[in-house]
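The values are calculated or read from the model by the stated rules, or taken from the named source; none is laboratory data. All values derive from a computational prediction rather than experimental measurement. Don't worry about glycine lacking a Cβ; one is built from the backbone with ideal geometry, like all the others, and counts go over all protein chains shown.
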Amino acid sequence: MELARWLVGVDTGGTFTDLLAFEQETGALKRAKVPSVPQDPSLAVINALEVLFADGVEARDVVMFTHGTTVATNALLEGRGVKTGLLITRGFRAVYEARGWSQPTGSDLLDTFYQKPPLLVPQSLTEEAVERLDFRGEVLIPLDEEALRQSVRNLLAKGVEAIAICFLYSFVNSTHEELAARIVAEEAPSCRVSISSHVLPVIREYPRLSTTVIDAYVGPKIEVYLMRLTERLRERGIVTPQTFLMQSNGGLMRIALGARHPNQTLLSGPAAGVIAGADLARAMMCEHAITFDIGGTSTDLAIIVNGRLPETAQGEIAGQDIGTPMLRVRTLGAGGGTIAAAGRDGLLKVGPQSAGSVPGPACYGRGGTQATVTDANLVLGALSGKALLAGTLSLDEAAAHGVIANLAAELGIDSIACASGILKIVNTQMAIDVRIALQEQGQDPRKFTLIAFGGAGPLHAAAVAREVGIRRILVPLYPGLNCAMGMLQTSVRHSYLKSDMGGLAGFPAERIESIFDGLCTQAYAEAEEEGFERDAVTLTRLLDLRYLHQGYTLGVICPDRISGGDKAGIKASFDELHHQMYGQSAPAEDIEIVTFRLQSEISVPTLSFSDALVGTPDPLRKVESRELFDLESDRFLNANVFDRADMQPGQVIAGPALIQQYDSTVVILARQDATVMPNGTLVIEEQEDQ
């Protein structure tokens, strides 16, 4: 008898922890959805595994375990990282506080109560180091070791648990930072030390500084969490060496490396959703797509153009700037648990505060007393108290009606107007964010398909798509488990960076090769540490390039070995990419190299689906009919309700209708049709006369 070989993905969200398991030989799928445990997320991971084991899977048969965590993200969002100190070159202590001269943008410009996000390291925990390098990395002022030792002692006396080190031009010459790290280790052996020349060895001191501070601030938290999780997995019988953590770049890394690179896990869950969305877009032949992921606390968007995953070298999380390579994901503070309340001006406001999983929306029956988006959906008929959420949770309709009625009385309106107002506001917020994301890239929404997932994504996708002008929506087979699925559809990936500036035309080919060779050595060493053979590693070389005097770069793939004759092709590729991204290029202008980038990729087992045989589908059987509030006409319409588990390829449902399933509910509006495809995907489209 052959042993089963299960691949398991577990995604921890703000409200639920999702598990998807795939058996390699038979293609069997198993799933679990349990409440998250914010105080100790590893408990929810084990709880989800217990559901899997109760369904007949043996712990010893798990051959690969992948995990997406919000521990680092939540530490930033809630300001619960460790007390962190900063060592910086003398005379530059204001660099962090100036935040690259950033200013409020978008709706923040209209917010009279706007405040900049707090610094993770205040001036009181910043110490200056007597040292200085020039732009070539040559020493102008040697590091004063005794003065640095006193600075470290000063920080220790103030109770710091981690220290970030960022010296000017350390990305060119890391000697001073590495010496400072050794001194910190001697003076404060229990402190975590993060140095910018290891965390992000690239030009521009502020992004490098901010990323290093984040690394130090969340590092001890993620280290403790991963140690606890690893121990609990071992105790529960999961002993496979193939245990991975999802990264912000859409790839995996060994859990053992997670504590070393905590800043690379900040978009762990959302990145997995983008991977799954991109995989579905390819399967459905969609070159242009928007991933639309709504969970309990937030909405995450990513724009896929010409099938290319959206990547960026800079991002922002909880107001903190980070320069780690990541997928370009926009996050909006609007989800199923988003709280609605009367604002200071007496008007209805929705978000960004969330009820989370504890206590959660009032309809969860866990003590929630504030109206949320989920409560509004229940009052207006999109959700029902008869259907079990995640197969176990019965929604309390009376509690939802109660909190909506209380808020309505405070606003001086009726309950239906209040509930519909909540959904109109949150849908408008999402639509605006989708429009902005498309406009930033000069894209026409009519060319795009919206891929809706997350527990609440299919509830809002139809309304948002119609408001933006998108005529086609895809809902995957398991939308509420899509991020867990994405963790089983990717590979091990790492990025290695090194800034060294110069004009492409005049940059010596030998120097280019030397820098890339150094990055390759790093990549192979880390692959060996992760337990992979050298032959398993696929390396891709990129150059971050820009026109002279530009402030931003674009990454261009280059040959494994660059000669003088290759530079014209690299220049042409950059011009083409620039035109694609920004609608213009300057072929006659020179370009310069800013950063060398090496991407390593190692294949691991992945999940795969097979299409069902398409024959003549059985007649559709509805579960029931119920009243669904139509936000466009401001009235209730009769909607048929279907169970997705009973649906077959080829079946078509006309809206208004609802499709219920284990992990989500799909809303189909009037004048829309939904078709079941052979791979189980639902395709929702506007009817032809629209």
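Results for (1) of a type outside the set (Ser, Thr, Tyr); (2) in contact with a Ser or Thr (Cβ under 6 Å, 6 or more places away or on another chain); (3) more than 25 Å from THR17 (Cβ to Cβ), shown as yes or no for each residue.
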| residue | (1), (2), (3) |
| --- | --- |
| THR392 | no, no, no |
| ALA405 | yes, yes, yes |
| ALA417 | yes, no, yes |
| GLY421 | yes, no, yes |
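Going through the range 317-331 one residue at a time, which ones are closer than 20 Å to HIS494 by Cα and hydrophobic (A, V, I, L, M, F, W, C)?
If the condition is that a residue be closer than 20 Å to HIS494 by Cα and hydrophobic (A, V, I, L, M, F, W, C), then ILE322, MET326, LEU327, VAL329 are the ones that fit.
Would you please list the contacts, defined by Cβ atoms under 7 Å and residues six or more apart or on different chains, that run from a residue in the range 139-154 that is within 15 Å of CYS166 (Cα to Cα) to a residue that is assigned to a helix (DSSP H, G or I)?
LEU143/HIS176; LEU143/LEU179; LEU143/ALA180; LEU148/ALA180; LEU148/ILE183; VAL152/ILE183; VAL152/VAL184; VAL152/GLU187
How many residues does the range 568-612 hold that are under 23 Å from ILE303 (Cα atoms), touching a strand residue (DSSP E or B) at 6+ places or on another chain (Cβ under 8 Å) and of a type outside the set (Ser, Thr, Tyr)?
Matching residues across the range 568-612 total 8.
For ALA509, which of the numbered conditions (1) touching a residue at least 40 places away in the same chain (Cβ under 8 Å); (2) under 29 Å from ALA588 (Cα atoms); (3) in contact with a strand residue (DSSP E or B) (Cβ under 8 Å, 6 or more places away or on another chain); (4) surrounded by 11 or more Cβ atoms within 10 Å (Cβ to Cβ) fails to hold?
(3)
Which residue out of ARG99, ARG149, ARG153, ARG132 is under 20 Å from ASP215 (Cα atoms) and of a type in the set (D, E, K, R)?
Just one listed residue meets the conditions, ARG99.
Which one of these does ALA44 not meet: (1) in a strand (DSSP E or B); (2) outside the structural domain of PRO117 (by TED's automatic domain parsing); (3) buried (at least 22 other Cβ atoms within 10 Å of the Cβ)?
Tallying (1) in a strand (DSSP E or B); (2) outside the structural domain of PRO117 (by TED's automatic domain parsing); (3) buried (at least 22 other Cβ atoms within 10 Å of the Cβ), ALA44 fails exactly one: (1).
Return yes or no: is SER664 crowded, with 22+ Cβ neighbours inside 10 Å and closer than 20 Å to LEU423 by Cα?
When the stated conditions are applied, SER664 passes them.
Take the residues of the range 59-101 that are part of a loop (DSSP other than H, G, I, E, B) and either touching a Gly at 6+ places or on another chain (Cβ under 8 Å) or among the β-branched types (Val, Ile, Thr) (or both): which is surrounded by the most Cβ atoms within 10 Å (Cβ to Cβ)?
Top of the filtered list is THR69.
Identify the residue in the range 406-436 that is without any contact (Cβ under 8 Å) to a residue 12 or more places away in the chain and assigned to a helix (DSSP H, G or I) and, among all such residues, is surrounded by the most Cβ atoms within 10 Å (Cβ to Cβ).
Out of the qualifying residues, it is ALA408.
Criterion first (modelled with pLDDT under 95 and more than 30 Å from GLU528 (Cα to Cα)) does SER394 satisfy it?
Yes.
Please find, among ALA342, ALA334, the residue that is buried (at least 23 other Cβ atoms within 10 Å of the Cβ) and under 30 Å from ARG435 (Cα atoms).
ALA334
GLU78 passes all but one of (1) within 23 Å of the chain's Cα centre (by Cα); (2) modelled with pLDDT under 90; (3) under 17 Å from PRO605 (Cα atoms); which number fails?
Result: GLU78 passes all but (3).
Looking at (1) within 20 Å of PRO241 (Cα to Cα); (2) at pLDDT 90 or above; (3) not acidic (Asp, Glu), can you tell me which one GLN24 breaks?
The one condition GLN24 does not meet is (2).
Keeping to the range 647-666, report how many residues are modelled with pLDDT under 95 and assigned to a loop (DSSP other than H, G, I, E, B).
8
Do the conditions hold for GLU146, that is, is it acidic (Asp, Glu), under 28 Å from THR265 (Cβ atoms) and assigned to a helix (DSSP H, G or I)?
no
Regarding the range 667-679, can at least one residue be identified that is touching a strand residue (DSSP E or B) at 6+ places or on another chain (Cβ under 8 Å), farther than 12 Å from ALA463 by Cα, surrounded by fewer than 19 Cβ atoms within 10 Å (Cβ to Cβ) and modelled with pLDDT under 95?
Yes, the conditions are met somewhere in the range 667-679.
Considering only the range 444-458, how many residues are part of a loop (DSSP other than H, G, I, E, B) and farther than 19 Å from GLU287 by Cα?
3
Please go through the range 367-405 and give me each residue that is more than 31 Å from the chain's Cα centre (by Cα) and in a helix (DSSP H, G or I), ordered by number.
Those that are more than 31 Å from the chain's Cα centre (by Cα) and in a helix (DSSP H, G or I): GLU397, ALA398, ALA399, HIS401, GLY402, VAL403, ILE404, ALA405.
I need the full set of residues from the range 555-597 which are in a strand (DSSP E or B) and not aromatic (Phe, Trp, Tyr), in order please.
Listed by number, the residues that qualify are GLY555, VAL556, ILE557, CYS558, ILE591, GLU592, ILE593, VAL594, THR595, ARG597.
Among the numbered criteria (1) part of a strand (DSSP E or B); (2) over 13 Å from the mean Cα position of the chain (by Cα), which one does ALA302 miss?
(2)
Quick one: would you say ARG31 is within 25 Å of the chain's Cα centre (by Cα) and among the charged types (D, E, K, R)?
Yes.
Considering every residue within the range 528-544, establish whether at least one is of a type outside the set (Ser, Thr, Tyr), farther than 30 Å from SER563 by Cα and either touching a Cys at 6+ places or on another chain (Cβ under 9 Å) or crowded, with 16+ Cβ neighbours inside 10 Å (or both).
yes
For every residue, the table says whether it meets (1) within 26 Å of PHE22 (Cα to Cα); (2) modelled with pLDDT of 95 or more; (3) outside the structural domain of GLY251 (by TED's automatic domain parsing).
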position	(1), (2), (3)
GLN443	no, no, yes
GLY455	yes, no, yes
LEU459	no, yes, yes
LEU477	yes, no, yes
CYS483	yes, no, yes
LEU504	no, no, yes
PRO508	no, no, yes
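Yes or no, residue by residue, for (1) in a loop (DSSP other than H, G, I, E, B); (2) of a type in the set (A, V, I, L, M); (3) crowded, with 21+ Cβ neighbours inside 10 Å:
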{"residue": "HIS460", "(1), (2), (3)": "no, no, yes"}
{"residue": "ALA465", "(1), (2), (3)": "no, yes, yes"}
{"residue": "LEU474", "(1), (2), (3)": "no, yes, yes"}
{"residue": "LEU481", "(1), (2), (3)": "no, yes, yes"}
{"residue": "MET485", "(1), (2), (3)": "no, yes, yes"}
{"residue": "THR490", "(1), (2), (3)": "yes, no, yes"}
{"residue": "ALA505", "(1), (2), (3)": "yes, yes, no"}
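Select from the range 308-359 the residues that are outside any strand (DSSP E or B), among the aliphatic types (A, V, I, L, M) and in contact with an Asp or Glu (Cβ under 8 Å, 6 or more places away or on another chain) and write down the one among them that is modelled with the lowest pLDDT.
Result: ALA313.
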